[in-house]
Amino acid sequence: MSKQVASNEMYEVSENIRNRRKDIGMTQVQLASAAQLGENTIQRIESGQAQANIESLFRLAKALGVTPNDLAPASYGFSSANNQLNNIMKQFELLSEKDKKRFLDAATILMAGLCAQPT
């Protein structure tokens, strides 16, 4: 049984799509072309009259240069993990090349230990 998206969540997805499209200066026509969807479909999704199916959501995210998680409602909690990763990446870019190597070496060792499967 599939869970129906509540109307306020559907509206938030629609709003996230519309806001991202406008932020990058893309028209609905351009988005429809990039996502290989009909212009009417984009209009209906952005207005909240229609819900994007999973395939359309992935196409829209790719066309907008984001992940589907970035388009999800904030209440789903996906964006907080993404924001944490973005903050880490910003801080990483401030490191010297030597410190970047040290960080990556330490992260590699840590991940190897965390991912080791007990036998």
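The values are calculated or read from the model by the stated rules, or taken from the named source; none is laboratory data. The model shown is predicted, which means the values in this text are computed figures rather than measured ones. All Cβ positions, even for glycine, are placed from backbone atoms using ideal geometry, and neighbour counts span all protein chains on display. The protein model used for the area step is the full one, side chains on, heavy atoms only, and it has no ligands, DNA or RNA in it. Shrake-Rupley method; radii C 1.70, N 1.55, O 1.52, S 1.80 Å.
Among the residues making up segment 36-61, those that are crowded, with 17+ Cβ neighbours inside 10 Å, touching a Ser or Thr at 6+ places or on another chain (Cβ under 9 Å) and closer than 16 Å to Asn19 by Cα are Ile45, Glu46, Ala52, Ala61. Pairs linking a residue in segment 34-52 that is under 21 Å from Asn8 (Cβ atoms) to a residue that is open to solvent by 90 Å² or more (accessible area, probe 1.4 Å), with Cβ atoms under 6 Å and 6 or more positions apart or on different chains, are Gly48/Tyr11; Ala50/Arg44.
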